[in-house]
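Visitor: Pasting in a structure now, in structure tokens, and then I'll have a few things to ask.
The values are calculated or read from the model by the stated rules, or taken from the named source; none is laboratory data. This is a predicted model, so every value here is computed, not measured. Counting neighbours? That spans all protein chains shown, and the Cβs are built from the backbone with ideal geometry, glycine included. Side chains are part of the model used for accessible areas, which takes the heavy atoms of the whole protein and leaves out ligands, DNA and RNA. Shrake-Rupley method; radii C 1.70, N 1.55, O 1.52, S 1.80 Å.
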Amino acid sequence: MKYVFLVVFLSFAVASKAQVVNKTDSVILQSKQDDSLVIDSGIKDSLKIFKPTIDDYKFQTQFSEKKVFDTVLSPDKTYIFSQYNNKDNFGKQRFSNIGSGFNPLVFEVNPEQNLSLLPTNKSFGILGITDIKYYDVKTPTTTFIYHNAVKNGAALNTTYTQNIGKNFNFALEYFGLRSQGNFRNALSANNNTLFSGHFISKNSRYEAFAHYLHQNVNNQENGGIVDDALYLSGDDTFNNKYNVEVNLLNSNSQFSYRRYYFSQQFTPFNSEKFPFKIRHTIFHQGNKYYYNQTSPESYWVDSDTDLVVGYPYVSEKYSKNLSNTFSLVFDNEKFKLDAGFRHQMIKLGVENPLTVNAVTVPGELKENRIGAVGNLGIFLWDKINLNSFLEISRGKEFGNYIRSANKLRFEPVKNYFVDAKVNFQSASPSFNYLMNTSVYKKFNYFLEDPQNETIMEIGGNINLNWFKSQLFASYFRIDNFTYLNATGQPNQSQTSTNISQIGGNATFDYRKFHLNTRVLFQNALTNKELYPMPNFVGRANLYYQTKAFKNAAEIQTGIKVNYFTKFASRDYFPVLNEFILPNPDSFSIGGQPVVDVYFNMKVKKMFIFIEGQHMAELFSNNKVYSAPHYPFYDFRLNIGIVWYLFS
């Protein structure tokens, strides 16, 4: 399969080179008045000196509107570029080492886990199809995003992109992270490799997007610390966290995520008279998860009778998805409809099937799925936008699948916007919950004939001019909620689980001083014990921002506070990289604010983010936890650098 995609991608590149215009084609050249640089019209030397602006550097996701590179020092960037995954991680509690994931404090739906194998704690840096960026740049462009690591290592994301003529762009991106961490057996080693390309013909009737993505999320797993009471006592021995005894010494987990993707569309008629397009998308995605150990860990077993005799110490499972979609697109200024059919070949399997304790885990489940997919967009009077997505498919192994996402945006009063959403999905539980094999007898399972997990979400937000504020609310109803019990076995709830969320954010300004806040109140109305969560999650950012050095630079400095109420958190379970219901030796976390002090600066197209994280640890013992038995990180000086080079 990978060779098929390679041939398609190379053909794609060759086609782009075929669009080169001969310098003597003066008629064609003269018809292109929007060219910023004309080298030779064939009549006379017509070289023009071109000085690009930021508007000449754009990106887009597939078949969407282009956006200009964001080079403004806005307050949200201090939340994004202080994190190793370059995302705002509100509602997530980071583990002590960068690259080792988060404990999710707020319930949310991740569509990437539908009909695929994606462990929760490996999902936070994964790039889905709609996350891939395609570029349009007038000159070669390079982006560097750097983060320092914990103790030893670094994280660096580098992107190089270039247009070849006006019709073809390619981009190369590499992300590498290696961080030792302060605790024993806590190394993180993640990397992403991404190749992408975008082509559009001279007459704009043919357009294509392609990418190849390979991601690895690898972590040593230490199982948390052995003696929490001793750790919390403040013994000077533990000033060096490497002295803290941990539960696992030779275990690690690996997740590999690989995708070949190609999408194209053709406009057979004059788009002004007949706005129809034919679209085709094909991709192959393979996910693999490994849990490795050089020998059985005594933390998991009491005696050799708890082991599967002769079974490998390395357990592996995988999922594969070959998807092929054909659709017809009607596209005009006010109304857009994209509807078609999709065929999928899906596989879920384990490397070494077994039968133990009356549980038989099959080697592989596979099926062919036939379904329909559609997108609807309605845009009226520049005040009402409706976007709807629907996908339906059927299969024998994984049952029926329905996903619908609907968003309505309207402007009842000028400059006041309301967003309403109704989302629904009915799908097989995440593949990580369906089967697992292990050398440890108690961690083998096969969830036969599971019921579809059905999730309905109703919510929205109101954007107000007052204090740049936003109010938002969501309600979730989940039937057959799938969870892992305290022993790591999958179960489904017999009654519906209902969750409510309400919150808001606002910014208060006084001259050059600003206060940005965000709060969220949430509650599990039923089945509280199946998804423990803090009732309140909030943060505040008080900062000062001004020009400096005779307007050659801009600085932003302030204090951030993050807080969530105390609650009986789920345990992190490294064998599956999932979160399970609390064990008898678990304890509550939260109820303690985390204070960061930072200084950010922008010079031309370079941003520097310097942050003293968890300042309270400088004055008292660290009593903050990310999850039971997993202490939060100590004070650290976090450095982030973002640099755009527009050649």
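Visitor: Pick from the stretch 311-331 the residues that are more than 23 Å from the chain's Cα centre (by Cα) and either crowded, with 19+ Cβ neighbours inside 10 Å or among the aliphatic types (A, V, I, L, M) (or both): which of them is nearest to LEU354 (Cα to Cα)?
Guide: Taking the candidates together, the pick is SER315.
Visitor: Run HIS614 past the list (1) surrounded by 17 or more Cβ atoms within 10 Å (Cβ to Cβ); (2) at pLDDT below 95; (3) of a type outside the set (Lys, Arg); (4) farther than 30 Å from ASN498 by Cα and report the number of the one that doesn't hold.
Guide: Evaluating HIS614 over (1) surrounded by 17 or more Cβ atoms within 10 Å (Cβ to Cβ); (2) at pLDDT below 95; (3) of a type outside the set (Lys, Arg); (4) farther than 30 Å from ASN498 by Cα leaves (2) as the failure.
Visitor: If you don't mind, there's one more thing I want to ask. Considering only the stretch 627-635, I want to know if a residue exists there that is touching a Phe, Trp or Tyr at 6+ places or on another chain (Cβ under 7 Å), open to solvent by 60 Å² or more (accessible area, probe 1.4 Å) and within 26 Å of SER188 (Cα to Cα).
Guide: Checked against the condition, which is being touching a Phe, Trp or Tyr at 6+ places or on another chain (Cβ under 7 Å), open to solvent by 60 Å² or more (accessible area, probe 1.4 Å) and within 26 Å of SER188 (Cα to Cα), the stretch 627-635 yields no hits at all.
Visitor: Evaluate the following for PHE283: is it open to solvent by 10 Å² or more (accessible area, probe 1.4 Å), in contact with a helix residue (DSSP H, G or I) (Cβ under 6 Å, 6 or more places away or on another chain) and within 27 Å of TYR318 (Cα to Cα)?
Guide: When the stated conditions are applied, PHE283 does not pass them.
Visitor: Another question about this same structure. Can you work out which of the residues in the stretch 367-402 that are open to solvent by 80 Å² or more (accessible area, probe 1.4 Å) and basic (Lys, Arg) is farthest from PRO450 (Cα to Cα)?
Guide: Ranking the qualifying residues of the stretch 367-402, first place goes to LYS383.
Visitor: Name the one entry in TYR134, TYR206 that is of a type in the set (Ser, Thr, Tyr), touching a His at 6+ places or on another chain (Cβ under 6 Å) and in contact (Cβ under 8 Å) with a residue 40 or more places away in the chain.
Guide: Within the list TYR134, TYR206, the selection yields TYR134.
Visitor: From the set of residues in the stretch 262-320 that are of a type in the set (A, V, I, L, M) and part of a loop (DSSP other than H, G, I, E, B), which is farthest from PRO574 (Cα to Cα)?
Guide: The residue in question is VAL309.
Visitor: Criterion first (under 30 Å from ILE478 (Cα atoms) and open to solvent by 50 Å² or more (accessible area, probe 1.4 Å)) does LYS512 satisfy it?
Guide: Against the criterion (under 30 Å from ILE478 (Cα atoms) and open to solvent by 50 Å² or more (accessible area, probe 1.4 Å)), LYS512 does not qualify.
Visitor: Residues to consider are PHE255, PHE238; find the one that is aromatic (Phe, Trp, Tyr) and touching a residue at least 12 places away in the same chain (Cβ under 8 Å).
Guide: Going through PHE255, PHE238 in turn, just one is aromatic (Phe, Trp, Tyr) and touching a residue at least 12 places away in the same chain (Cβ under 8 Å): PHE255.
Visitor: Applying the selection to the stretch 519-542, what residues are surrounded by fewer than 19 Cβ atoms within 10 Å (Cβ to Cβ), in a strand (DSSP E or B) and of a type outside the set (A, V, I, L, M, F, W, C)?
Guide: ASN523
Visitor: Among the strands (runs of 3 or more DSSP E) confined wholly to the stretch 90-203, which include 2 or more residues that are at pLDDT 95 or above and among the small types (Gly, Ala, Ser)?
Guide: Those strands (runs of 3 or more DSSP E) span 153-164, 168-179, 188-200.
Visitor: Within the stretch 483-500, can you find the residues that are within 23 Å of TYR572 (Cβ to Cβ) and part of a strand (DSSP E or B)?
Guide: Of everything in the stretch 483-500, those that are within 23 Å of TYR572 (Cβ to Cβ) and part of a strand (DSSP E or B) turn out to be TYR483, LEU484, PRO490, ASN491, GLN492, THR497, ILE499.
Visitor: Could I ask something else about it? So which of PHE389, PHE398 is among the aromatic types (Phe, Trp, Tyr), at pLDDT 95 or above and either assigned to a helix (DSSP H, G or I) or under 30 Å from GLU351 (Cβ atoms) (or both)?
Guide: None of the others qualify; the one that does is PHE398.
Visitor: Moving on. Which residues, taken from the stretch 399-446, are in contact with a strand residue (DSSP E or B) (Cβ under 7 Å, 6 or more places away or on another chain) and either aromatic (Phe, Trp, Tyr) or free of Cβ contacts under 8 Å to residues at least 12 places away in the same chain (or both)?
Guide: If the condition is that a residue be in contact with a strand residue (DSSP E or B) (Cβ under 7 Å, 6 or more places away or on another chain) and either aromatic (Phe, Trp, Tyr) or free of Cβ contacts under 8 Å to residues at least 12 places away in the same chain (or both), then TYR401, PHE410, PRO412, TYR416, PHE417, PHE424, PHE431, TYR433, TYR440, PHE443, TYR445, PHE446 are the ones that fit.
Visitor: What do you reckon, is GLU448 within 19 Å of LYS347 (Cβ to Cβ), acidic (Asp, Glu) and open to solvent by 30 Å² or more (accessible area, probe 1.4 Å)?
Guide: yes
Visitor: While we're on this one: Just to verify a result, which residue in the stretch 249-269, among those that are among the small types (Gly, Ala, Ser) and open to solvent by less than 10 Å² (accessible area, probe 1.4 Å), is nearest to GLY125 (Cα to Cα)?
Guide: SER253
Yes/no per residue for (1) modelled with pLDDT of 95 or more; (2) among the small types (Gly, Ala, Ser); (3) not in a strand (DSSP E or B):
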{"residue": "LYS442", "(1), (2), (3)": "yes, no, yes"}
{"residue": "GLY459", "(1), (2), (3)": "yes, yes, no"}
{"residue": "ARG477", "(1), (2), (3)": "yes, no, no"}
{"residue": "ASN505", "(1), (2), (3)": "yes, no, no"}
{"residue": "LEU515", "(1), (2), (3)": "yes, no, no"}
{"residue": "TYR544", "(1), (2), (3)": "yes, no, no"}
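Visitor: Then there is this: Return the residues of the stretch 95-127 that are of a type in the set (D, E, K, R) and surrounded by 21 or more Cβ atoms within 10 Å (Cβ to Cβ); say none if nothing qualifies.
Guide: Once the filter is applied, which keeps residues that are of a type in the set (D, E, K, R) and surrounded by 21 or more Cβ atoms within 10 Å (Cβ to Cβ), the stretch 95-127 yields only LYS122.
Visitor: Does SER620 fit the bill of being open to solvent by 60 Å² or more (accessible area, probe 1.4 Å) and either among the polar types (S, T, N, Q) or modelled with pLDDT of 95 or more (or both)?
Guide: yes
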